[in-house]
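Below is one structure, written out as C-alpha cells; the observations come after it.
The values are calculated or read from the model by the stated rules, or taken from the named source; none is laboratory data. No experiment lies behind these values; they were computed from the predicted model shown. Quick reminder, even Gly has a Cβ in these numbers, built from the backbone with ideal geometry, and neighbours come from all protein chains shown.
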Amino acid sequence: MNSDQVTLVGQVFESYVSEYHKNDMLLILKERDEDAHYPVVVNAMTLFETNMEIGEYFNAFPNEVLTIFDNALRRSALTILQSLSQPEGLSMKQNLHARISGLPVCPELVREHIPKTKDVGHFLSVTGTVIRTSLVKILEFERDYMCNKCKHVFVVQADFEQYYTFFRPSSCPSLENCDSSKFTCLSDLSSPTRCRDYQEIKIQEQVQRLSVGSIPRSMQVILEDDLVDSCKSGDDITVYGVVMQRWKPFKQEVRCEVEIVLKANYVQVNNEESAGVNMDEEVRKEFEDFWEHYKSDPFAGRNEILASLCPQVFGMYLVKLAVAMVLAGGIQRTDATGTRVRGESHLLLVGDPGTGKSQFLKYAAKITPRSVLTTGIGSTSAEPSKC
Ligand SMILES: [Zn+2]
C-alpha cells in the first residue's frame, strides 16, 4: 500500500471509531493498567458500510490494514484524552487492538471448515472446537541493531513466517549509501524487553457439521497479547484472523515443511449458544407426556428410545443402552469428606472390525452439542510442543 492509501484508511477508521466506539475508548482510558492490552471489537459490516473502499483494502492487505487500525486507535485515544477538560483518572494506553468481528456471511469469509493453501493471505473466520492449548509463552518480537560502520540504528522485527526468528539484513538499511554488513545487537539478549504474550491452540472442525464418513481436520491458531487464555480445551469458538504460512529456517539436508496457520485477530467463544439445550415449555411438555404415557411400564418407554437410537445399526440393544447412558451422563456428587466424585461414565466398546463400533461413536458425537471425534493415532501419540 502506498502512503496515500495508508493515510486514507487511517483517517476513515479514526472517524469511524470516534462515531461508534467513543464510549469503549473512554472506558479503556479509565482503566488503571497502562501496559495492558485492550481490545476494541469492531463490527466489519458496519465499518465496511460506512466506507466501501476500506473493505476492499482490508480484504486485499489484512495484515497491513490491521496495523493501520491499531495506530488509528492510539491517535483516536489521544484526541479523546486531549479533548476532555477534566481528564482526571484517565490515562493514555499504548496497546490498543482493533478486533474485527461480524464478517459478511458468505462462503469466502465465514467458514466451518479448515482453510486451505489457496486461502493464505486472506482474513476470514473459522468455527471449530478447541482440542488443545499450549502453555502461555513470552515472545520477543523486536530488537535494535546498530551498523558497525556508520552507527545507524535500526529495528528488526522477528519473522512470523519463520517461527519468529530474527534475521539481520544483508546490507545496512541506512539511506547514506553505506553497504556494510556488520551489525551489533543493542538489545539485551539475556533479558529481552520488547515482548508479548504468545499461545498456540489447535482447533478442529465441528463433527456435527461434517458429512458422513469424513474425518475432521484441525489447524494451529496463534493467539497473542490480550487473546492469550481467551479460550480453553473443549470450547466452541469462532476465530477471526489471517491465514498465514510458516516454515522452520532452512537447514542443509533437512526437508522444508510449510504449515498453514491462522493468526488470530479476534476469538469469540460460542459455548453458551450450543452447549445449553434449549428447553422451552413445549419440549418439556413432550417429555412429560412421553413418560406419563409409559407410567405403568417405564421399561417400554426406555426401549422405544433405544429403538430410535443409532437406527442404522439393527438390534444390539445392550450396546445401545450403554451408549444412551453415557450420552445422558450422570450427576456430580460431593461426599461427606468434601471429595467431588465425577458423574460422567466412561464406555469401552470392544469388538471385531466391522461390527458397528465406529457407527455408534459417530452417532454419539453427532447428537452431543459439544463433542470431539478423534482417532487412535490422535488420542495416543503425544505431539511435541512446537513454538
Ligand atoms: Zn551503515
Return the residues of region 350-365 that are within 16 Å of Leu309 (Cβ to Cβ) and either out of contact with any Gly (no Cβ under 9 Å at 6 or more places or on another chain) or among the hydroxyl-bearing types (Ser, Thr, Tyr) (or both); say none if nothing qualifies.
Gly356, Ser358, Gln359, Phe360, Leu361, Tyr363, Ala364, Ala365
For region 135-150, which positions are within 16 Å of the ligand (Cβ to nearest atom) and either of a type in the set (Asp, Glu) or free of Cβ contacts under 8 Å to residues at least 40 places away in the same chain (or both)?
Asp144, Cys147, Asn148, Lys149, Cys150
Given (1) of a type in the set (Ser, Thr, Tyr); (2) more than 29 Å from Gly356 (Cα to Cα); (3) surrounded by 10 or more Cβ atoms within 10 Å (Cβ to Cβ), where does Ser296 come up short, assuming only one miss?
(3)
Single unsatisfied condition, Leu124 versus (1) part of a loop (DSSP other than H, G, I, E, B); (2) more than 16 Å from the ligand (Cβ to nearest atom); (3) of a type outside the set (Lys, Arg); (4) touching a Pro at 6+ places or on another chain (Cβ under 9 Å):
(1)
Taking region 210-262 as the search range and keeping residues that are outside any strand (DSSP E or B) and of a type in the set (S, T, N, Q), which one is farthest from the chain's Cα centre (by Cα)?
Gln252
Looking at (1) in contact with an Asp or Glu (Cβ under 7 Å, 6 or more places away or on another chain); (2) under 21 Å from Gln204 (Cα atoms); (3) not polar (S, T, N, Q), find the lone condition where Lys263 falls short.
(1)
Please find, within region 98-118, the residue that is surrounded by the most Cβ atoms within 10 Å (Cβ to Cβ) out of those that are in contact (Cβ under 8 Å) with a residue 60 or more places away in the chain and over 26 Å from Gly234 (Cβ atoms).
Ala98
Determine whether region 268-281 contains at least one residue that is of a type in the set (Gly, Ala, Ser) and at pLDDT 90 or above.
no
Name the residue that is nearest to Lys263 (Cα to Cα), counting only residues in region 151-172 that are near the ligand (Cβ under 8 Å from one of its atoms) and surrounded by 13 or more Cβ atoms within 10 Å (Cβ to Cβ).
Cys172
